[in-house]
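Asker: Starting off with a structure, shown below.
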Amino acid sequence: MAEKQIGEVTNFFEHVNAAAIKLTAPLKVGDTIEFKGGEIDFEQKVDSMQIQRKPVKTAKKGDEIGILVKDKVRKGYKVFKK
């Protein structure tokens, strides 16, 4: 399946290993996403996400979500849906 860019990292919170992502397409818990833009590209499953610190199951285009990430990301990294 072709991957589609669905957002971009807008912030990274190192103390909790969480990324803020501005979405350009919908995303839901259970989707697999890939981060690209650094020395190491990696993919992971979305186990949970939050909007305004409240847990949500789905997010739409234009939302800014927070998710826990398994590796460091930086502002500007592109996020793709697998």
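Asker: Just to verify a result, which residue in the range 19-30, among those that are outside any loop (DSSP other than H, G, I, E, B) and over 13 Å from Lys70 (Cβ atoms), is nearest to the chain's Cα centre (by Cα)?
Answerer: Going through the qualifying residues, I end up with Ile21.
Asker: Give the residue, chosen from Gly66, Gly62, that is modelled with pLDDT of 95 or more and on the phi > 0 side of the Ramachandran plot.
Answerer: Gly62
Asker: Quickly run through the range 43-64 and pick out the residues that are over 15 Å from Gly7 (Cβ atoms) and either part of a strand (DSSP E or B) or out of contact with any Asp or Glu (no Cβ under 9 Å at 6 or more places or on another chain) (or both).
Answerer: Scanning the range 43-64 gives Lys45, Asp47, Ser48, Arg53, Lys54, Pro55, Lys57.
Asker: Moving to a separate point now. Identify all residues within the range 63-82 that are over 12 Å from Val9 (Cα atoms) and touching a Phe, Trp or Tyr at 6+ places or on another chain (Cβ under 8 Å); write none if there are none.
Answerer: Lys70, Asp71
Asker: Next question. Restricting attention to the range 1-29, which residues are modelled with pLDDT of 95 or more, surrounded by fewer than 14 Cβ atoms within 10 Å (Cβ to Cβ) and of a type in the set (A, V, I, L, M)?
Answerer: Val16
Asker: Only one residue in Ile6, Ile40, Ile33 is in a strand (DSSP E or B), free of Cβ contacts under 8 Å to residues at least 60 places away in the same chain and not acidic (Asp, Glu). Which one?
Answerer: So the residue among Ile6, Ile40, Ile33 that is in a strand (DSSP E or B), free of Cβ contacts under 8 Å to residues at least 60 places away in the same chain and not acidic (Asp, Glu) is Ile33.
Asker: Within the range 43-62, identify whether any single residue is among the charged types (D, E, K, R), under 15 Å from Asn11 (Cα atoms) and under 13 Å from the mean Cα position of the chain (by Cα), and answer yes or no.
Answerer: no
Asker: To continue, here is another question. Based on this model, can you work out whether Gly30 counts as of a type outside the set (S, T, N, Q) and under 16 Å from Phe12 (Cβ atoms)?
Answerer: It is false that Gly30 is of a type outside the set (S, T, N, Q) and under 16 Å from Phe12 (Cβ atoms).
Asker: Going by the conditions given, is Lys72 part of a loop (DSSP other than H, G, I, E, B) and either touching a strand residue (DSSP E or B) at 6+ places or on another chain (Cβ under 8 Å) or surrounded by 14 or more Cβ atoms within 10 Å (Cβ to Cβ) (or both)?
Answerer: In short, yes.
The values are calculated or read from the model by the stated rules, or taken from the named source; none is laboratory data. Values in this document were obtained by computation on a predicted structure and should not be read as measured data. Cβ sites come from the backbone with ideal geometry, for glycine too, and all protein chains shown count toward neighbours.
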